[in-house]
Each structure stands twice: as C-alpha cells, then as structure tokens.
Amino acid sequence: MEEKQKKWKPKKKTLIIAAAVLLLVILGARACADSGGSTWQEVTVENRDITSYLEFSGNVEAVNTAKVYAEATAKISEVLVEEGDAVKAGDMIAILDSGDIEYNIQLKELALEQTKKSNRYNVKDSQNSLDNLNEQIDQGLNTSLNSAEKALLAAQNAYLDAAEAYNEAKEAYEEGNLSQTASAQQTLNSNQAIYEAAKEQYEKGTISAELLQTFEDSMNQSLDALEAAQKADEKSVDTAYDAMLDAKENFENAQRDYESAQLSVQQNVESYENALERTQALSGAETSELELTHLKDSLADYTICAPIDGYVTRLDMKKGDYTSNAMAVAEVTNFDTMQIAIKIDEYDSASVSEGDAVSIYMDAQGLTYEGKIARISRVATVQNGISYLEAIVEFEADDKVYSGFSAEVKLIKAAETGVPALAVEQISYDTDNSAYVMIKNSEGEAVKQPVTLGVSDGTWVQIKEGLEAGDVICVTPSFTIEDMMKMRDQMMGM
C-alpha cells in the first residue's frame with residue numbers, strides 16, 4: 001500500500017475555528033505603548049487544554065483476507081455463491097464432481113468386507129482345530145498318547161512282576177527254600193541218616209563193609225546233588241535278576257516314549273495355538289481400512305468451503321470448469337477488522353509503541369474510529385535519505401468503511417489539562433532559540449520575559465515557566481482592528 005506521511009489536513013470548519021481564535025486573541029488585546037512610542041496589544045494568559053498529536057495517513061484495507069483453494073482435480077458441478085455474497089466459515093462455495101472417488105470407495109468397501117469375511121473363516125477354522133485337539137487330549141482320545149500310555153503301563157507292570165519274582169527267588173535262595181535245593185537237601189539228609197545207621201550196624205558187625213560203602217556212596221552222591229541243586233537255584237536267581245533288569249529297561253524306555261508322546265502332543269497344541277495367533281494377526285484389515293478412511297476423508301476435498309467469515313470478494317470459477325489441486329478459485333475477505341499501513345519518522349519513533357491508542361478519521365465519510373498500533377517493524381526503511389519505520393494500525397470497522405479508502409491517523413503524543421497557554425504566534429525567540437514574550441514593567445515599558453514552553457497543538461502552546469494564568473503580555477498587532485473586523489465578516493460568510 002503506497003502511503004505518504006503528512007500533517008493533519010485542515011478542513012473548512014477547522015479554518016473557521018482557527019481564524020476565529022486568532023481574531024478573538026487580537027480583538028481581545030488592549031493597546032499599549034512603550035516609552036519609545038511603539039504600539040502594542042495586551043493579551044492575557046489563560047488556562048487551556050492542549051493535546052499534541054502525531055499525524056499519519058494511509059489507505060484502509062482488510063486485515064483478514066483468505067484465498068480459497070481447490071483441494072482436488074475435478075469438474076465443478078455447482079457454484080453456490082456470487083461475488084459479494086456474505087458467507088460464514090464452513091459455508092459451501094462450490095461442489096466438485098466426486099463420482100470417481102465414490103465409485104472407488106464402493107469398490108474398497110466391498111473388497112474390505114470380503115477380506116473380513118475370509119479372515120473370519122480362517123480364524124474360525126484355526127480355533128476349531130485347536131479346540132478339537134484339546135478336546136481329544138482332555139477326553140483321552142489322542143491315539144499316539146493313548147498307545148504310549150498303554151505301553152508304559154504294561155512295561156511298568158512287567159517290571160513290578162519281574163522285581164517281585166527276583167526278590168522272592170533271592171529270599172528263597174538265601175533261606176534254602178528253592179525247590180531243587182530243598183529236595184536235594186532232603187535226599188542228603190535221608191542218606192546221611194541211613195549212612196549213620198548203617199555205620200552203627202557195621203560196627204556191631206551186622207552188615208558188611210561193602211554194604212556200608214554203598215550207603216556212604218549214596219550219601220556222597222546226595223551231597224553232590226545238593227551242590228548241583230544250589231548252583232542251579234543260584235542260576236535261577238540270576239536269571240530272575242536279569243529278567244528284572246530287562247523289565248526295568250523296558251519300563252524306562254516306555255516312560256521316555258510316553259514323555260515323547262506328551263511332548264509331541266504339547267508341540268501340536270502350541271503349533272495350533274501359533275497357527276491361530278498368526279491367523280488372527282493376519283486377519284486384521286487395518287491397511288484396507290486406512291485406505292478406505294483416506295478415500296472417505298478425501299470426499300471433503302470435493303466440497304469447496306469458506307475458510308473464514310466474510311464476503312466473497314473474488315470468484316474465479318464457474319460451473320463446468322475443471323479445478324486442479326491447490327488452485328486458488330476464490331477469495332473471502334473479513335471486513336470486521338481493518339488496517340492502515342503508516343510510516344513513522346525516525347524522530348517520532350520514540351513516542352510510538354505497539355498497542356498505543358489512535359484515532360482514525362475517514363475523510364470521505366467524515367467518520368472517526370478508535371484503533372491501536374498493532375505492529376511496528378523492527379527494521380527501518382531508508383528512502384531518499386529519510387529513515388522511517390513501517391507500522392500497522394488496526395481498528396474495528398462497520399459497513400461504512402471500505403477497503404482502499406484514504407484515512408488519517410492521530411496518535412496523542414502529549415496532553416495537558418488546564419495549563420497556562422498562549423497562541424503559538426505570540427511567542428518570540430532569541431538567536432539562541434530561547435523563547436520569550438514582552439511584558440510591561442513597573443514603568444509601563446515593554447520588556448522581555450523568558451518563558452519555558454511545554455506541549456503545543458500547533459495553535460496553542462503551554463507556558464511551563466515564566467508566566468501564570470492572568471498575566472498580561474504585549475504583542476505587536478499584525479492587523480488593524482478594521483482588518484480583523486473584515487476578516488471576521490469574511491469567515492462568517494464562508
């Protein structure tokens with residue numbers, strides 16, 4: 001926005017008031033003369049309210065203007081607004097043809113439903129296989145486990161029987177109660193008794209030595225038979241022991257086979273469980289659902305909506321046109337808050353801060369609005385050797401404010417209420433730029449009175465030191481009374 005800094009533009013009414021003020025000052029002066037014969041006019045110092053302003057100018061424009069973009073490449077089916085229409089954020093501006101994407105959504109929905117159905121059956125089959133295996137195990141119907149269990153029980157019983165037979169044979173052997181040993185022992189005992197009886201008869205001479213020898217031979221044979229029987233029974237114990245060891249080995253082998261069968265069954269269960277878990281994991285349709293969600297979300301791209309509240313200030317589309325992705329098709333402007341770009345002279349920058357209140361005067365409408373300094377650039381711009389800061393003034397507008405109109409901005413620099421004041425032209429300056437006025441001394445002569453000046457609004461200036469309200473000064477009239485009366489009549493006739 002091109003802008004130039006200038007003083008507050010005087011208006012007709014302002015000229016009349018200023019002239020009237022000057023007229024009243026001069027007409028209100030009383031003539032006086034110094035010792036040299038010079039004519040002066042007397043002016044009384046009065047208390048006034050004085051406000052000092054910084055003045056800027058610029059053009060009004062909207063703060064919030066948003067471009068409207070098409071988010072999809074498609075044919076425009078309908079345009080719902082016209083340029084100048086008021087819209088709210090989210091209102092539809094245009095509708096694009098979404099037939100292709102709706103068709104893709106239907107295809108994706110059907111494929112997703114088919115995938116979900118297939119996945120449900122796969123999970124169900126895996127679950128049934130696992131349940132059937134567990135039921136077989138719980139009811140003892142597993143063939144391999146049952147066979148191994150039966151073999152284990154048979155081997156266990158055989159081992160117990162063999163151990164019992166061994167223990168019985170060992171105990172009988174140790175007690176000499178085995179059948180062969182017992183029979184041989186009885187025969188030996190009987191032959192020993194016969195031999196002893198025969199020996200007594202031989203000693204009595206009732207039998208011959210040959211017969212005695214026969215009985216002794218029978219006894220010795222019985223003794224040999226006993227030793228042979230003992231060896232045979234000992235071997236039978238060893239045989240029973242070996243049979244027990246074989247039965248024990250068979251039992252241990254059967255036990256290992258049973259444990260292997262159990263492990264195999266458990267591995268089958270785990271395999272079925274893993275298969276079920278894998279089927280469940282693979283049955284998810286997250287990717288397809290994500291794709292479907294993305295397609296459905298993209299449907300919103302086929303409706304072009306207003307991004308902010310405001311008015312349609314530009315419309316670059318019509319029904320039947322084709323849009324492209326990220327193509328600007330309209331513009332919506334919110335005129336509630338307006339702004340003016342101004343330039344702050346480097347010498348005035350110390351008196352201006354962000355947030356300062358300002359008055360905005362719209363010359364064309366004669367309206368005044370209140371605003372503030374919203375932003376001040378941190379970097380000065382140098383143009384033709386003059387440095388200034390670019391700043392933005394914002395204010396709340398109504399329907400009488402139009403973008404592009406010129407405006408004047410006033411920023412109160414200083415304000416004093418009820419302070420002694422004189423007209424600016426009533427102040428004189430020495431060569432050192434010190435201010436003074438003329439007053440009468442006790443002898444009626446006009447002499448210099450130094451004064452310290454304060455706030456000035458361009459017409460009046462505050463007297464901080466040197467004079468008080470009610471003091472009288474002498475001024476040199478620049479017009480005659482007749483001139484003042486003529487000026488008054490001219491001003492009243494404007």
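Overview of results
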read-out	value
Length-normalised contact order for region 119-286 - Cα pairs under 8 Å, 6+ apart - percent	47
Rounded FRET efficiency, nearest 0.05, which uses the C-beta distance separating Glu234 from Ile137 and R0 of 45 Å	0.35
Overall Cα dimensions of region 43-132 - principal axes, largest extent first, Å	120, 40, 17
Cα pair distances exceeding 22 angstrom across region 119-286, given as percent	69
Nonlocal amide H pairs with Ala330, under 5 Å, H built at 1.01 Å	Val68, Asp316
Under 13 Å, Cβ to Cβ, from Tyr69 - net charge with Lys/Arg +1 and Asp/Glu -1	-2
Neighbourhood charge, 12 Å Cβ-Cβ cut-off, centred on Tyr173 and excluding it, Lys, Arg +1 and Asp, Glu -1	-4
Quarter of Cα convex hull surface for the chain, i.e. mean projection, nm²	62.8
Cα centroid separation, region 210-247 to region 40-61 (Å)	154
Förster radius 25 Å - calculated FRET efficiency between Leu299 and Tyr322, Cβ distance, rounded to 0.05	0.85
Nearest-ten-degree value, helix 12-27 long axis tilted from longest Cα axis of the chain	50
Alpha-carbon centroid distance for the pair region 264-312 / region 147-166, whole angstrom	60
The chain: angle of helix 286-298 to the longest principal axis, Cα-based, in degrees nearest 10	20
Virtual spin-label span in nm between Lys448 and Glu83, 7 Å along Cα→Cβ	6.8
Around Leu315: net Lys/Arg minus Asp/Glu count, Cβ-Cβ under 10 Å	-3
Relative contact order (%) - the chain, alpha-carbon pairs under 8 angstrom, separation at least six	31
Fraction of the pair-distance distribution of region 268-353 above 23 Å, Cα-Cα pairs, percent	65
Cα lying deepest toward the dipole's positive end in the chain, options Asn122, Leu389, Asn268, charges on Cβ	Leu389
The chain - mean residue ellipticity at 222 nm from DSSP helices (-39,500 (n - 2.57) per run, n ≥ 4, rounded to 500)	-15500 deg cm²/dmol
Using alpha-carbon coordinates, inclination of helix 209-282 to the longest axis of the chain, degrees	20
R0 of 35 Å, Cβ-Cβ distance Glu273-Asp161: FRET efficiency to nearest 0.05	0.25
Dipole moment magnitude, nearest 20 debye, region 119-286 about Cα centre, only Lys, Arg, Asp, Glu C-beta charged	500
Label point distance in nm, Glu203-Glu175, each placed 7 Å from Cα along Cα→Cβ	3.7
Region 318-329 - phi-based ³J(HN,Hα) in whole Hz, Karplus 6.51/-1.76/1.60, Gly and Pro as x	8, 4, x, 5, 10, 9, 10, 4, 6, 9, 6, 10
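Each reported figure results from applying straightforward, stated rules to the coordinates on display, with no laboratory input. What you see is a predicted model, and the numbers here were worked out from it, not measured in a lab. We place every Cβ from the backbone using ideal geometry, glycine too, and count neighbours over all the protein chains shown.
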